[in-house]
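> Take this structure, written in structure tokens, and hold onto it; I'll ask about it next.
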Amino acid sequence: MFDAEEAHHLARVLRLAPGDTVRVVDGRGMEFTVRLESIEGRRATGTILARAATRTESPLAITLAQGIPKGEKMEWIVRTVTELGVVRLVPLLTERTIVRLEPGRWRERARRWQRVAKEAAKQCGRAVVPSVETPRSIQELADSGWPVDLALCLWEGERRGLLEVLDAEKGTVTSLLLVVGPEGGLARREVEMLEKRGFKLAGLGPRILRTETAGPAAVALLQARFGDLGAPRP
């Protein structure tokens with residue numbers, strides 16, 4: 001059975017009817033071929049004809065810890081990095097974060113961003129929907145001890161570029177945590193705190209990128225180096 005939102009999409013947007021066949025993903029890596037049996041209001045049912053594990057997920061598991069920008073920029077970031085294969089997003093509250101909300105309001109925002117991630121995953125053909133966490137402070141992130149192969153922090157004050165940092169990496173990288181600041185970037189003390197926790201600092205070249213550009217640009221470089229961006233279609 002499809003949930004109410006998916007049933008509405010099938011009936012009102014795609015204009016499908018009983019007997020039509022659709023491809024469905026479960027958000028955890030499986031894809032199903034389903035024949036629709038009934039569509040009525042916000043209720044739809046179908047019969048599974050075939051199932052298979054999808055091959056649309058990158059071998060590189062990227063967690064993006066993104067300093068929350070103002071306006072609707074975060075939605076654009078969530079949508080874009082979902083297409084680029086990020087598996088988890090951690091919205092960050094930093095010293096220079098402009099938006100300040102009560103905890104309940106942040107939970108509402110996180111649910112909205114999760115819906116954006118789901119929509120983007122469907123659009124780009126992913127079978128796994130990235131998880132979007134409730135915003136946390138950069139101090140909490142630093143203290144959490146993420147078990148990843150490589151932890152990176154983008155900082156405009158770092159002379160070494162991201163590609164130089166990656167060239168120096170000798171071990172196998174299959175999981176990665178990337179920190180990006182909000183508008184105005186990260187404060188020096190925040191950068192120093194992350195560096196003491198083992199994060200490697202990297203820049204993105206001679207031009208200063210907007211926060212909504214920096215994260216996706218870095219994710220694309222990482223996927224091209226360690227993941228599947230640019231690989232042939234399965």
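The values are calculated or read from the model by the stated rules, or taken from the named source; none is laboratory data. Note that the structure is a prediction, hence the values are computed from the model and not measured. Because the Cβ atoms are built from the backbone with ideal geometry, glycine has one as well, and the counts that use them run over all protein chains shown.
> Considering every residue within the stretch 193-200, establish whether at least one is under 24 Å from residue 99 (Cβ atoms), acidic (Asp, Glu) and modelled with pLDDT of 95 or more.
No, there is no match, as no residue in the stretch 193-200 is under 24 Å from residue 99 (Cβ atoms), acidic (Asp, Glu) and modelled with pLDDT of 95 or more.
> Moving on to the next point. Could you say whether any residue in the stretch 98-114 is surrounded by 14 or more Cβ atoms within 10 Å (Cβ to Cβ), in contact (Cβ under 8 Å) with a residue 40 or more places away in the chain and either part of a loop (DSSP other than H, G, I, E, B) or at positive phi (or both)?
no
> When you check residue 63 against the structure, is it part of a strand (DSSP E or B), within 22 Å of residue 227 (Cα to Cα) and touching a residue at least 12 places away in the same chain (Cβ under 8 Å), yes or no?
Details: part of a strand (DSSP E or B): yes; within 22 Å of residue 227 (Cα to Cα): yes; touching a residue at least 12 places away in the same chain (Cβ under 8 Å): yes.
When the stated conditions are applied, residue 63 passes them.
> Here is a further query. Of all residues in the stretch 131-174, which are under 18 Å from the mean Cα position of the chain (by Cα) and either closer than 11 Å to residue 200 by Cα or outside the structural domain of residue 117 (by TED's automatic domain parsing) (or both)?
Of everything in the stretch 131-174, those that are under 18 Å from the mean Cα position of the chain (by Cα) and either closer than 11 Å to residue 200 by Cα or outside the structural domain of residue 117 (by TED's automatic domain parsing) (or both) turn out to be 150, 151, 152, 153, 154.
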